[in-house]
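Novice: The structure's right below; bear with me while I get my questions together.
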């Protein structure tokens, strides 16, 4: 029972759930009512994300001994072999579920699984390229909901906003993980360009996110309820995060800000539900 709980934690269910919610949101704005396929897409996405998280922790166990020592692998709750096997099983199950949706959904699942394995293996230790990969695949979650619902066009706005926001959060995470990444010679925007440059990139990306978030309302794609919810629920939290990200913050403090940014995104999900036509 303890091992099952550890494997569950290895999949990082809350992080995986955000991807599934993006799929659900994409299916909602698609407006076709194909909820059977949309829910299957959510399930496949949960498995893809869980597999990727387990694989990432398998490869990053030494870095996590410094940055995240309480995670299942560095804490000794799961063996490396068990983590690898768990990742492969989830990948296989994700492809099986995706095969029941439609051919495009299955192909996207194949590409997403492959890219996430390559990301953890090679692309993560690159300046911005790895971050861009995660941002693009996160944006694909919303489009995946449209693919499952067979109406992709309304999901493109969601994809642009998600890509920009996740790119900013990824850069923030390079600041939070700086010590471990530096020790393991992992090339990130923070370790290669320096913390100050990484903060500037983060500020620019967050600024771009706030702009693109308002565009659907300004272009009459979403109703006023969307703008009100974003202005009241999203922007104040983002402003707080921007003020708190400084050179005096420790890795754990920056990690908490990164988590806060992720949870604030759930308010944006609500804004889309309220404002989508």
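Readers should treat all values here as calculations from the given coordinates under stated rules, not as data from a laboratory. None of the values given here were measured: they were computed from a predicted structure.
Novice: For a quick check, take a GNM of the chain with Cα springs below 10 Å and name the residue from 115, 140, 47 with the largest mean-square fluctuation.
Specialist: Result for the chain, Cα springs under 10 Å: 115 fluctuates most.
Novice: Taking only Cα atoms and a 10 Å spring cutoff, compute GNM fluctuations for the chain and point out the largest among 155, 45, 126.
Specialist: Its mean-square fluctuation being the largest, the pick is 126.
Novice: Here's something else I'd like to know. Principal axis lengths of region 155-254 from Cα atoms, whole Å, largest first?
Specialist: So the three principal-axis extents are 48, 25, 18 Å.
Novice: Continuing with the same structure: What whole number of Å gives the distance from the Cα centroid of region 227-243 to the Cα centroid of region 166-221?
Specialist: So the two Cα centres are separated by 17 Å.
Novice: Evaluate 2.2 N^0.38 Å with N set to the residue count of the chain, then give the Cα radius of gyration divided by it.
Specialist: 0.99
Novice: Follow-up. Under the rule of -39500 (n - 2.57) per DSSP H run of 4 or more residues, summed and divided by the residues of the chain, what mean residue ellipticity at 222 nm is obtained, to the nearest 500 deg cm²/dmol?
Specialist: That comes out to -25500 deg cm²/dmol.
Novice: Would you mind telling me which residue in 96, 25, 39 has the biggest mean-square fluctuation in a Gaussian network model of the chain, where springs connect alpha carbons within a distance under 10 angstrom?
Specialist: Sorting by GNM fluctuation, first place goes to 96.
Novice: Another question, if that's okay. Cα centroids of region 109-143 and region 246-277: how far apart, whole angstrom?
Specialist: 20 Å
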